[in-house]
Each structure stands twice: as C-alpha cells, then as structure tokens.
1. If one computes P(r) from the Cα atoms of region 144-198, what percent of pairs lie at distances over 18 Å?
2. May I ask what percent, to the nearest 5, of DSSP beta bridges between residues of region 295-370 are antiparallel?
3. Taking 0.36 nm per intervening residue step and subtracting the Cα-Cα distance, what contour gain separates residue 217 from residue 186 on full extension?
4. Kindly work out what percent of the DSSP beta bridges joining two residues of region 144-299 are antiparallel, to the nearest 5.
5. With N denoting the number of residues in region 244-372, provide Rg(C-alpha) divided by 2.2 N^0.38 Å, to two decimal places.
6. Under a point spin-label approximation (7 Å from Cα along Cα-to-Cβ), what is the residue 10-residue 369 distance to one decimal in nm?
7. Starting from the 7 Å offset along Cα-to-Cβ, what nm value, one decimal, do you get for the label separation of residue 197 and residue 23?
8. With no solvent and one equal point scatterer placed on each C-alpha of the chain, evaluate the Debye formula and give log10 I(q)/I(0) for q = 0.13, 0.15 Å⁻¹, two decimals.
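Nothing in this text is a laboratory measurement; each read-out follows from the coordinates by a stated rule. The structure presented is a predicted model; accordingly, all values stated were derived computationally and were not measured. Cβ: placed from backbone, ideal geometry, glycine included. Neighbour counts: every protein chain shown.
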C-alpha cells in the first residue's frame, strides 16, 4: 500500500508542476486517470472497483430503519453526540475528551410524520480515507445516508470543513453534486465514439476522453456528453461507484462565539448555526433536513374510510408521481392499478381521477383503485 501511495504522491507532484493550458490537457488527463485508478486500488484493494465490496473496509453494521437516514460526520468533540441526544433522545456518551464515540450510535427523530434515522458516527481525522482511525468505516457508512450533516465547531469551521470535504471526496463521495449527464456504453467493436451535445469549456475533449479510456483499458465505447463537465467528472463516470450525497454544514457551539463572528459565518452558504447543548435553532435544522432530503407526505385513503393522517407515506422526490407512490407502498400494486383519486394541491378538483403519471404535492391524499 505504501508503494501505491508513493506513486500517487509522485503523480500529484508532477501535476502540480505542470502548467494548465490546452497543450497540456492530454498529459493532465493521463495523470488524473492514473491517480484515480491508484486511489481506487488503495481504497478497494487490487482490482479497484470490481473488488471494492470484497476488500474495502465495510461500514458499521446498522440496519436501516425509518423513512430517511442521515449521518453526523465531523472531527472529535464537536458535539455530534449531544446533537444526537437533542434530536432523538437517544443517549450517546459525550465528554470533554476526544474519541468518546467509538462505534455508530443510531437514534430516530420524528418530524412532520416522518421517522428519520440519525447516525452518530465516530469522529474522523485527517487521513481517514487512507485508513487512519476508523475513518473508512465512518465514510463507508456515510455513503449509505440520504443526507450527511457535517458538524463543525463554530470556533474553527473553515479548516475542518476543507479537511472533511477532502476525505469524503477521496472516498468517492461527491457532496452536493448530481451525477454527470453523460452516456457511457462499452461496445465490443467500433473504437471510441465521442459526441458533445453541449460545448465543453472545463477541459473535456475527444482526446481527453480517449486517453482516460485507454488508462481504464476501454478500447470501444459510445460517449455522449449532455452537459459541460471536467475530466475528473468523466473519470467518475468510468469508475461507476461514486455516491452523490447532499451535505448540510452544521456550525455547532454558537454559544461560544461573538455576534460579530456569527455574522461572518452567516455569509457562508448551505449551513445552519446551532447550539446542541442549549438546543438553539434545532427547529430550523430539522426543517433544512426535511428540505434537503426532498421529503413530501402523502396520506392514504382506503375506500369508504377517512384518510390516515397519523402515518403518511414519505416520498423522496421533488416531483413524485402516483406510480412512485404505489411502488413505495408495494411493488405489486401497479400490476392491478386502474386509476387513483387524488385530493389536495395537485388536484384540479376534489377529488381528481388521475393516472400513474400524475405528479403529487406535499400532503395530497390518494386513494388507489384497482382493476375490476
């Protein structure tokens, strides 16, 4: 493993020495592809991504429960355990020394009818993705979450933020990103077919695609770029094992900083300031969790009965359809589906008879009608 890391360091040093311009794009693409392959081998063992599930260190064995899973990631002693207790009531040992939490502690938070599983993960340190501490277990578990809360000490948020982002990125987690709109299909013959549907301004080109494919031993493929991407994003497509997870930054311990310092933090995007010890601003945090997970509530209505307002069906989509709702209830419903009666904001009249493609809104009421 040390030999692989030495090769990575050597290639990264060469990249740092290389000027970035059109003439060096080909060379830089080669270096990036080699580094990505070596990092994959370092994390997953020989064979890279194909051996990943067998050789990479597994996450903590915590059964998924509830409608949504969120993970608390951060340095030791930033208040993750206290936050878990404040949100869920689950006791997680907290103390003034580092590494109090040595395993994953789950709890359940109820909000707007949804059951949200919260995982208090052990503190990570610089070098976590390379195996320091329990970093790989922590990050592997974070990959399984619908949302990651990066918990930061308000007294030193920027330094810790950059380190944690780098560790998550090294382990294949792409925070607050969506998968690149790239069609990549391997073929048995015909060479590399390359097509741009959108002008490429971030470094991608036919030459860059071919050199990356060569490094990954792909000789024949169809490549269609539907958005402007970087070479790194194209490598992510070839790797095929990246996790695209939304992240919310939680600046904890705001009770220990001044109003002026809080005003400075307020200029940073995508964050919520809290004090987990004093339970300050937790309502805003829960609302942000709800929004970032794109959760909406759909109430079921059995025929001839009143809607069940106590147990909404939680969907994770900005524009969920009736078909998605049915599949969330049971995969076999659509085989007998005739139509749905819908009450609520998505209906033009109450009720509206709708098909499988009807888009639902938060707190709609749905009654499923089966074929006769």
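1. Values: 848 of 1485 pairs.
Tail fraction, whole percent: 57.
2. Close to 80 percent.
3. Working: separation 31, 0.36 × 31 = 11.16 nm, distance 1.10 nm.
Working it through step by step, the gained length comes to 10.1 nm.
4. Working: 6 of 23 bridges.
Percent antiparallel among DSSP bridges in region 144-299 is about 25.
5. 1.44
6. 7.2
7. Each label point is offset 7 Å from its Cα along the Cβ direction, giving 3.6 nm.
8. One equal scatterer on each Cα of the chain leads to -1.16, -1.28.
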